1. Give, to the nearest whole percent, the P(r) tail of region 42-156 beyond 16 angstrom, counting all Cα pairs.
2. Of all GluC sites (Glu not before Pro) in region 389-490, which ones are in loop regions per DSSP and have a Cβ with at most 14 other Cβ atoms within 10 Å?
3. At 222 nm, what helix-only mean residue ellipticity would the chain give, in deg cm²/dmol to the nearest 500, using -39500 (n - 2.57) for each DSSP H run of four or more?
4. Scan region 66-145 for trypsin sites (Lys or Arg not before Pro) in coil per DSSP, keeping those whose Cβ has at most 16 other Cβ atoms within 10 Å, and list them by number.
5. Please list 3J(HN,Hα) in residue order for region 158-163, calculated via the Karplus relation 6.51 cos²θ - 1.76 cosθ + 1.60 where θ = phi - 60°; whole Hz, with x for glycine and proline.
6. So how strong a dipole does the chain carry about its Cα centre when Lys and Arg Cβ are +1 and Asp and Glu Cβ are -1, to the nearest 20 debye?
7. Residues with amide H under 5 Å of residue 46's amide H, sequence separation 5 or more or different chain, H placed in the peptide plane at 1.01 Å from N; which?
8. Residue by residue through region 39-45, which ³J(HN,Hα) values in whole Hz follow from phi under the Karplus form 6.51 cos²θ - 1.76 cosθ + 1.60 (θ = phi - 60°), with glycine and proline marked x?
Amino acid sequence: MSKNIDVALIGGGIMSATLGTLLKQLEPSWNIQIFERLGAAAQESSNPWNNAGTGHAALCELNYTPQRADGSIDISSAVKVNEQFQVSRQFWSHLVEIGALPDPKAFINSTPHMSFVWGSDNVEYLRKRHDALKDHPLFEGMEYSEDASTIRQWAPLLIPGRKKSESIAATHIKSGTDVDFGALTRLLLSYLTTNGAEVNVGKSVTGLRRQKDGTWKISLRDEVGRTPQTETANFVFVGAGGNALNLLQKSGIPEIRGFGGFPVSGEFLRTDNPEVVARHHAKVYGKAAVGSPPMSVPHLDTRVVDGNSSLMFGPYAGFSPKFLKTGSWFDLFKSIRTHNLIPMLQAGGRNLSLVQYLLGQLAARKATKFGALQEFFPDANPDDWYRITAGQRVQVIKNDPEKGGVLQFGTELITSADGTIAGLLGASPGASTAVPIMLGLIEKCFPDRFGAWRGKISAMVPSFGKALSDNPDTARATQLRTARTLGIRS
């Protein structure tokens with residue numbers, strides 16, 4: 001009889017790669033197996049053209065700093081996301097220092113982060129946001145300007161063709177990054193396989209069943225040949241992106257009851273024209289239109305993939321019932337259960353503005369969509385840009401005890417009571433916060449070992465269990481150290 005797998009990771013994306021690498025650091029002898037349905041890893045949400053690759057640190061994303069009813073700015077979510085990204089940076093830096101990530105420039109590059117708005121109300125909002133963040137230790141170096149010539153120096157494409165009478169404002173911070181999570185995933189998986197783990201591609205997981213001894217029977221099928229097989233694992237992580245909901249439902253754990261998913265597809269405009277690309281080196285986020293969901297925040301981004309720079313603008317939302325870009329047209333319908341039907345209907349009723357937004361996006365003419373780009377880049381030429389399809393996002397629908405079904409725009413970690421299986425639902429900020437999310441999973445699922453592991457974790461992530469915000473000197477030192485190790489600007 002074959003030996004049980006210690007850790008089975010379902011899905012070959014950034015979440016599985018991160019968890020596997022953390023566990024390999026903590027327990028080098030464990031047998032770790034990764035099962036990926038497609039023929040290669042990092043082809044869905046971790047693919048660099050399926051996500052914005054912002055290195056989410058809330059430096060520019062305005063949806064993390066909502067305006068309160070009294071006009072003040074709530075920065076709590078921005079601080080939380082930035083703290084999480086600092087944890088990821090520390091772990092990546094550790095891996096660079098030990099040689100597990102040989103070339104950080106293969107996955108992370110310095111790219112200034114900007115917020116850009118127009119209209120007097122939005123300018124006032126951005127001014128207040130800058131005032132609320134500029135003295136925070138995690139947002140040091142953030143500049144603010146309403147001067148067109150200064151903004152043009154930061155991002156030359158934004159100003160030419162714009163009316164001089166228009167009220168505009170921007171913030172700019174040099175320490176932003178562009179992260180290729182596809183490249184990072186492949187580097188982490190390469191480290192894992194070099195150290196004894198196995199990556200099994202072309203393997204679909206068709207079933208998960210808990211056995212009497214507490215282990216998990218994993219039913220698999222080869223995508224080529226359709227040959228069935230089974231494996232047994234002591235611990236299972238479902239990091240299968242949009243397909244995680246389906247697999248967790250198949251596992252039968254009660255913790256998944258009441259959860260549903262709402263899929264949203266998307267598109268970006270992309271240009272590789274070197275003359276255009278050379279004139280823009282930043283990630284510039286705007287403000288979502290009134291009534292639009294957070295996922296609709298428009299942004300004009302520099303992307304660096306395989307050493308080559310391009311620009312992306314979007315997102316343009318759409319709808320598909322698929323839970324994965326390569327999924328089934330029946331994914332949404334197959335996810336409906338008696339226990340999540342009412343929460344899904346309640347969430348739909350509470351989010352009619354999202355439905356209206358999606359319908360508007362689907363009905364929008366090509367010229368209308370290009371007009372959204374020209375609000376950022378007035379002189380944009382349609383001949384320079386082409387459409388690419390982004391990855392599918394499945395937003396979490398959760399059954400709140402007081403409110404009923406609610407639609408969430410973050411991530412949700414689901415773990416069984418005995419800690420033998422866990423899975424991740426949801427989307428943004430996702431990949432950028434993979435390390436703190438997986439550290440939280442380890443603490444929850446391996447409580448009997450966590451005390452012994454704490455020292456190793458603190459060596460990899462010195463700020464673990466602490467808030468950098470509480471110690472400005474430590475925050476500065478940590479950012480300087482990780483920037484130096486990763487070869488990025490501090």
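1. Details: 4488 of 6555 pairs.
So the pairs more than 16 Å apart make up 68 percent of the total in region 42-156.
2. Working: sites: 402, 412, 443; in loops: 402.
Within region 389-490, the qualifying GluC sites (Glu not before Pro) (loop, at most 14 other Cβ atoms within 10 Å) are 402.
3. Helix contribution divided over all residues of the chain: -10000 deg cm²/dmol.
4. Loop-located and lightly packed - 68, 134.
5. 6, 9, x, x, 8, 5
6. Details: 52 positive and 45 negative charges, 170 e Å.
Computed charge dipole of the chain: roughly 820 debye.
7. The answer is 14.
8. Listing the rounded values in order: x, 8, 7, 6, 9, 9, 5 Hz.
Here, each number is a calculation from the coordinates, and none is a lab measurement. Source: prediction; values computed, not measured. Cβ sites come from the backbone with ideal geometry, for glycine too, and all protein chains shown count toward neighbours.
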